[in-house]
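Report on the structure given below.
Read the figures in this text as sums done on the coordinates, not as results from a lab. Quantities reported herein were computed from a predicted structural model and do not represent experimental measurements. Heads up, the Cβs are rebuilt from the backbone with ideal geometry, glycines too, and the neighbour counts pull from every protein chain shown.
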Amino acid sequence: MIGDTVREQAAHAKYQHTYAEHLADNASECRDRERRALEHAVHLLSKAEKAGPQSQESVDGLDFTGKLWNMFIQDLLDPENDLPNILKADIISVGLWVIKETALIRCGQSTNFRGLIDICAIIGDGLT
């Protein structure tokens with residue numbers, strides 16, 4: 001009986017270690033996907049900046065960027081998101097600015113593609 005308990009505890013410890021490794025790997029993969037999505041936003045916004053605010057490139061870049069940041073905000077608002085609250089609040093604040101700026105560009109009240117590009121690049125670099 002004691003041998004069984006020791007074996008069970010060892011198996012449980014091994015499972016916990018494996019699960020912890022999986023969570024760490026999963027978080028790393030998630031950060032990598034987010035980084036790649038931000039790089040794609042930078043690419044699309046750069047094309048939009050060159051083509052101008054009334055171009056199809058602008059529509060595509062602003063649409064992708066807005067949806068991406070909406071997704072980030074929704075993830076940050078999820079109660080299971082374990083980032084520190086202050087960090088979540090800061091990123092949400094950035095995301096709201098991005099969404100507002102995309103709307104201003106769409107309405108012709110701004111041409112600040114460079115600000116959007118810089119923010120997406122900075123946040124993406126922070127995920128490496």
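A few remarks follow.
- Compared with the alpha-carbon gap, the fully stretched path from E80 to L127 is longer by 15.0 nm at 0.36 nm per residue.
- Relative exposure of W97, W69, judged by other C-beta atoms within 10 Å (fewest first): W97, W69
- Coupling constants for segment 73-82 follow from the phi torsions by the Karplus curve (6.51 cos²θ - 1.76 cosθ + 1.60, θ = phi - 60°), and in residue order they are 4, 4, 5, 5, 7, 5, x, 7, 5, 9 Hz; glycine and proline get x.
- Over segment 35-126, relative contact order from alpha-carbon pairs under 8 Å, at least 6 apart, %: 40
- With the charge dipole of segment 35-126 set up from +1 on Lys and Arg Cβ and -1 on Asp and Glu Cβ about the Cα centre, the Cα lying farthest toward the positive end among the listed residues L76, S58, G95 is that of S58.
- If you sort the three axes of the alpha carbon gyration tensor as a ≥ b ≥ c, you get a/c of 1.5 or more for segment 35-126 and a/b above b/c, which makes it prolate.
- Our estimate of slack between K100 and V59, defined as 0.36 nm per intervening residue step minus the Cα-Cα distance, is 13.3 nm.
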